Amino acid sequence: MGSEIRDRNGLTEEQYLAAYDASRYERPSVTVDILVFTVTEGEKENYRKLSEKELRILLIKRGEHPFLGKWALPGGFVKMDESLDEAAIRELKEETNIDNIYMEQLYTWGDVGRDPRTRVISTAYMSLADSSTLNIKASDDADDAKWFTVSAKTFQEQKDVTENGYIIRQMIKLNLTGDEEELSAIIRKVKTVDGKVTRIAREIVESEGLAFDHAKIIEYGLERLRNKIEYTDIAFNLMPELFTLTELQQVYEVILGKELLKANFRRKIAGMVVETNKYSRESGHRPSKLFRFNPNWISMSE
């Protein structure tokens with residue numbers, strides 16, 4: 001047998017690990033935060049008009065310090081014996097009673113002062129669900145769990161050309177409307193393009209009713225959702241098994257924040273849906289053909 005590989009101090013890996021002092025480096029706490037988006041029916045003005053869709057996000061009212069009484073994303077601390085994905089699934093189930101839904105890792109947030117308790121790094125997840133299938137229930141350490149209608153709109157933008165690129169400065173207003181409460185925030189976003197290097201920075205200018213830096217996380221999640229809906233099948237996680245093409249278009253429109261031309265939209269999603277022989281039965285409307293998602297559709301991102 002050949003000799004084991006040794007480092008500059010003459011130690012094998014086994015000897016090195018046995019003597020390793022984990023306290024040499026400070027250990028930040030790690031958390032997960034989950035953005036759960038859904039699309040719900042708004043109010044119908046009359047029985048002939050299709051109800052407007054509303055994009056909503058699930059928030060938890062904090063029952064403990066810090067930010068007692070403020071609204072936050074579901075989430076919590078990662079245990080030493082679980083992965084980030086496992087922590088996100090566990091926390092979502094514990095805090096809201098939701099499980100077995102689509103979830104993807106979104107971004108990791110690590111600003112030094114983002115949590116007043118200690119140094120906390122948080123990995124955010126994005127989840128999409130058909131809310132009619134969910135039974136929301138707040139956990140013991142939360143005062144409430146509710147859906148908020150959410151929107152983010154740029155109200156100020158400035159572009160400056162630089163020697164090797166440009167800088168775009170945006171001011172974005174985030175609005176969250178619940179049954180009884182209105183939450184809001186203003187986020188400053190700066191995109192710097194310097195040659196082939198692009199940097200994006202976000203800063204919360206003001207935040208009303210939201211805990212931690214969650215306004216920034218929500219605004220980023222909305223942007224990511226709008227981008228992904230253009231080239232993936234992510235929107236179908238918001239749909240029931242059977243749906244009309246009008247209902248699907250409304251979901252796209254509420255996420256993108258703009259109206260779409262019917263013919264263009266139907267051309268775009270033609271390969272993503274399969275026609276069934278069933279029809280909707282809405283009062284005041286002619287029956288519309290129902291479709292389902294095409295599981296054989298291949299995303300451009302794959």
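The values are calculated or read from the model by the stated rules, or taken from the named source; none is laboratory data. Note that the structure is a prediction, hence the values are computed from the model and not measured. Backbone-built Cβ (ideal geometry, glycine too); neighbour counts: all protein chains shown.
Figures for the structure shown
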quantity	calculated
Condition met for E157 (charged (D, E, K, R) and under 24 Å from I60 (Cβ atoms))	no
Selection within the stretch 1-36 - of a type in the set (A, V, I, L, M) and within 30 Å of I218 (Cβ to Cβ)	V30, V32, I34, L35, V36
Residue match in the stretch 180-187 (condition: over 20 Å from the mean Cα position of the chain (by Cα), modelled with pLDDT under 95 and assigned to a loop (DSSP other than H, G, I, E, B))	yes
The stretch 150-189: number of residues that are surrounded by 14 or more Cβ atoms within 10 Å (Cβ to Cβ), without any contact (Cβ under 8 Å) to a residue 40 or more places away in the chain and among the hydrophobic types (A, V, I, L, M, F, W, C)	6
Filtered residue count, the stretch 188-220, keeping only those that are touching a Ser or Thr at 6+ places or on another chain (Cβ under 6 Å) and either modelled with pLDDT under 95 or charged (D, E, K, R) (or both)	2
